[in-house]
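Below: the structure, in structure tokens.
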Amino acid sequence: MKKLLLFAATALLAGSSAFADDPVNLYLIGENVDGASWSLGSNQMTMTSEGIYEWSGDVIYTNFKINNGSWANDNYNFGFADENTRLTLGTPATVVASGNSKNIEIATYPVVYKPTITFNLNDLSITLKGEGSLTTYFVVGNNVNFVTNWSLRTNVMTYNEDDGTYTWSGKYLASGFKINNGTWNSTEYGAANQQPFSSANSNIKVTTSGGGDISFNGFSGVLDPKLVLDPTAETLTLSGTIYNNTVMWAVIGSFCNWETDNAFVLTEGDSGTFSGTIPELTNDFKILNLFTGWEDAYSTTTPIEIGESVNLTKGESGNMNFDGMIQSVKNATVTWTPGNTSLVVTAAEEDVIEGYPTLYMTGSFTTTPKQWADPGTGDTVLGEEEDGIYTFIVDLGESGNVEFKLAGEGWSNGIAGDVEVEYEPVDVIPGSNENLKTSLTGKVILIFDYEKMQMWFEDIEDDNTPPGGGEGGGTEEGGGTEGGGTEEGGGTEGGGGTQEPGGDGDNTGAVDSIDVDSTPAIYYNLQGTRVNNPQKGIYIIKQGDKTRKVVVR
């Protein structure tokens, strides 16, 4: 086992080339890439052939980059080498991979509708196609898609070439919003003469000459709103469904990248319950009141069992995770009763997806990996998993006081807890937002038992001396000393005789070898307690006069 661990250590600690041979995940981030701003891990590109990535969307604003979902890995942050370079529609341009690269600017047009970007990772060329426009507009306000968002260049409106109008559709819109073109110093549409909307299906006059915030008269908000701006006629048309309730419960989590505008809204039913069926619910999720935000977020660190009710806690720092090896549930029906804070998740047996997750280690490392790199990137350490036992080989550096977490790609399946991890197993918590800590230093192995939710560190042992022998170099099975014999021979001081016919050494050593091998092995756990029937985990084995550490799979 030591040889396997040391081989893994060599592989994980070795350096890598600038670009991996295996496919990587690449994303478009920027001022406005389909409304996602600079959110890491959004707008994933599709690899269409070896090294060729493509993305198509509704709109892209000048000033964006391509990266692999992390700022920590400079080798995968692509931009222009020169801040004066501009990207012309339909003409390839060359980018560089560097943390110092400049943002990608579009020539002539500040915005492109129906864009398609082709990125060639082999020669670092990028091509943009689409419909360029000199003007675009954005919806900003008190609550746009459940977010108080006056940030410029968010919630982009789509340009309609046929009639010159601009359209935006969303999930929710509240009183108190405006329309601008991406800057407070230029075109900004507000309500003319403070005129409010009188219904959810009406229009008002708007103006760029000091118009006030656009509001509603007699209702608080609109579900599934649609706004149509006609700059020529200076009119704004609103359609949607009036909503006066101040509570809208939703499920939010890693399945929707924790974005409120993509959260799954639950429908209110009888007896104060809210329910809905989510196409695929993954670990790491919460119940959220979209109107009041994270202050009304409910969750629990108690594992969720399919079909069983669990009580949630308001303000719980951790996220909810399924019990055992459940990684996701397709067609998951969620029933939430806020009156008694109970949650039930039900699903058909065939829709429950099981298996051990892929886990990465990330944290405040000064060497390997880099500081709090996003899980799934090349700067995190991938765990080697076998039968639910994970091993992570890391360099904790020499300063000590390292904080870390285990997580899946994009921080899902988070494993953490406010505990100190050293050489004894400690309990950890799925979904915890706390950090794990250790005061250990140097290159070590982290062992994590997924089923027991326990972890501990082990030293990387020197493999120059075989586990079963001393100076002679016997094998683990054989256990010879000073003679170098094999399992069959196992000679002692004499020098390498075998059991058949016994060898030519000064002493045959065959009897000594048989005596050692026939000695019963005694197993102890890491707390020093004898174990008669060892299960999966790390144990100390004493056999004869030899003691060694093994992993039982």
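The values are calculated or read from the model by the stated rules, or taken from the named source; none is laboratory data. What you are looking at is a predicted structure, and each value in this text was computed from that prediction instead of being measured. We place every Cβ from the backbone using ideal geometry, glycine too, and count neighbours over all the protein chains shown. Just the protein is used for accessible areas: all its heavy atoms, side chains included, with ligands, DNA and RNA removed. Shrake-Rupley method; radii C 1.70, N 1.55, O 1.52, S 1.80 Å.
Structure notes:
- 5 angstrom amide H check on residue 212, placed H, neighbours 5+ away: 191, 193, 194
- The spread of Cα positions in segment 277-339, taken along each principal axis and listed from longest to shortest, comes to 31, 22, 19 Å.
- Evaluating 6.51 cos²θ - 1.76 cosθ + 1.60 at θ = phi - 60° for every residue in segment 411-423, the Karplus couplings come out as 6, 6, 6, x, 10, 7, x, 7, 9, 8, 10, 10, 9 Hz, glycine and proline recorded as x.
- Dipole of segment 276-339 [Lys/Arg +1, Asp/Glu -1 at C-beta], most positive-end residue of 329, 290, 309: 290
- Segment 261-335 - accessible surface per residue (Å², probe 1.4 Å): 43 Å²
- Relative to the Cα centre, the charge distribution of segment 116-171, modelled as +1 at Lys and Arg Cβ and -1 at Asp and Glu Cβ, gives a dipole magnitude of about 300 debye.
- Summing +1 for each Lys or Arg and -1 for each Asp or Glu among the other residues whose beta-carbon sits under 12 angstrom from that of residue 210 gives -1.
- Local electrostatic count at residue 85 - Lys and Arg +1, Asp and Glu -1, tallied over other residues with Cβ under 15 Å: 0
- Accessible surface for segment 54-184, divided over its residues, is 40 Å² per residue with a 1.4 Å probe.
- Protection proxy ranking of 276-286, 194-204, by the mean of other Cβ atoms within 10 Å over each peptide's residues and highest first, is 276-286, 194-204.
- Separation between Cα centres of segment 282-334 and segment 189-259, rounded to whole Å: 31 Å
- Once the Cα-Cα distance is subtracted from the 0.36 nm per residue extended length, the residue 105 to residue 198 segment shows a gain of 29.3 nm.
- Vicinal HN-Hα couplings computed from phi for segment 219-232 (Karplus, 6.51 cos²θ - 1.76 cosθ + 1.60; Hz; Gly/Pro x): 8, 8, x, 10, 8, 6, x, 9, 10, 10, 9, 10, x, 5
- Amide H to amide H distances under 5 Å link residue 180 with 138, 140, 189, where only residues 5 or more positions off or on other chains count and H is placed in the peptide plane.
- Packing around the peptides 229-236, 48-55, 356-363, taken as the average count of other Cβ atoms within 10 Å per residue, puts them in this order, highest first: 356-363, 229-236, 48-55.
- Modelled spin labels at residue 242 and residue 418, positioned 7 Å past Cα toward Cβ, are 4.8 nm from each other.
- Relative packing of 144-157, 422-435, which averages over residues the other C-beta atoms within 10 Å, highest first: 144-157, 422-435
- Across 314/437; 405/437; 65/129, pairs whose alpha-carbon gap is larger than 18 Å: 314/437
- Here's how it looks for residue 318: its modeled amide H is under 5 Å from those of 433, which are all 5 or more places away or on a different chain.
- Overall, the accessible surface of segment 92-183 at a probe of 1.4 angstrom is composed of carbon and sulfur to the extent of 43 percent.
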